[in-house]
Amino acid sequence: MKPFYGNARAALGGWFRIWNELEVAGTYHVPMTGPFLLACNHASFLDPPAFAAACPRELHFFARKTLWKGFFGTLISNLNAIPIDRDGERDMQAFRHVFSALKEGGALLVFPEGTRTPDGELHAGKKGVGMIACRGEVPVVPARIFGSYEMWNRHHKFPRLTRPLGVSFGPPIPVAEYDPGKKDPKRYETAAARIMAGIAALEDPHLANALPFERSV
């Protein structure tokens, strides 16, 4: 893990642990070597830093090209952000960066739903994530965050800083279990749906009484 990323992760972990009682379960499911996708639900602006704090592996992630301005652009570049157009499913340059990162053994954070949930519920996955998974031919680790919608959803102007947060990681989904094969006319949609099913199966670690040693922050 790069020093800058590691220090940022430690700072975020401390913040979320103190203010949000961050509970993390299932970190033993996260491969410590080799490429994979970390597929997560998306409820809040806080999801990327919360998943980065909870995950024991260094992550790459997408960010809109419009964010590359001044200090913030430099910051997210140093945190492995990959610039992507608003219409992400057509941004071939971004996908080339993704496949390059995976080929080098990196891990990529993706949000199959594409955008933040409007109501706190899980929604259908987009075919773009199915395409990345199937073409990348890497395992997919499902992950789910609990509490971030209540903290700062798309209807709130400001975050509610002291709400509890939980992150659960599930067993890696092998390629053969999510990819129906090239002959399936809806290959990528099917893969995305199977990945979302893995996310939906995860429970809030606060309710599941996660063991202390499963904390990753």
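Candidates Ala11, His206, Ala25 compared by Cα position along the dipole of the chain: farthest toward the positive end lies Ala11, with charges placed on Cβ. Relative to the Cα centre, the charge distribution of the chain, modelled as +1 at Lys and Arg Cβ and -1 at Asp and Glu Cβ, gives a dipole magnitude of about 640 debye.
Which shape class, rounded, prolate or oblate, goes with the chain when its Cα gyration tensor gives a ≥ b ≥ c as root eigenvalues, a/c under 1.5 marks rounded, and past that a/b bigger than b/c marks prolate? Cα axes put the chain in the rounded bin. Dividing the summed -39500 (n - 2.57) terms of all DSSP H runs of n ≥ 4 by the residue count of the chain sets its mean residue ellipticity at 222 nm at -11000 deg cm²/dmol.
Convex hull volume of the C-alpha atoms in the stretch 94-206, normalised per residue: 120 Å³. Computed with a 1.4 Å probe over protein heavy atoms only, the accessible surface of the stretch 68-183 comes to 54 Å² per residue. Relative contact order of the chain, taken over Cα pairs closer than 8 Å and 6 or more residues apart, is 31 percent.
The count of lysine pairs in the chain that are at least 8 places apart or cross chains, and whose C-alpha atoms lie under 24 Å apart, stands at 17. Taking 0.36 nm per residue of separation and subtracting the current Cα-Cα distance, fully stretching the chain between Ala193 and Tyr28 would add 57.0 nm.
Annotation: peptides 18-24, 198-204, ranked by per-residue average of other Cβ atoms within 10 Å with the highest first, follow the order 18-24, 198-204. Expressed as a whole percent, the accessible area of the stretch 1-46 that falls on carbon and sulfur atoms is 66 (1.4 Å probe).
The values are calculated or read from the model by the stated rules, or taken from the named source; none is laboratory data. Everything numeric in this text was worked out from a predicted model, so none of it was measured. So basically every Cβ, Gly included, is an ideal-geometry build from the backbone, and we count neighbours across all protein chains shown. Quick note on the areas: whole protein, heavy atoms, side chains included, nothing else; ligands and nucleic acids left out. Shrake-Rupley method; radii C 1.70, N 1.55, O 1.52, S 1.80 Å.
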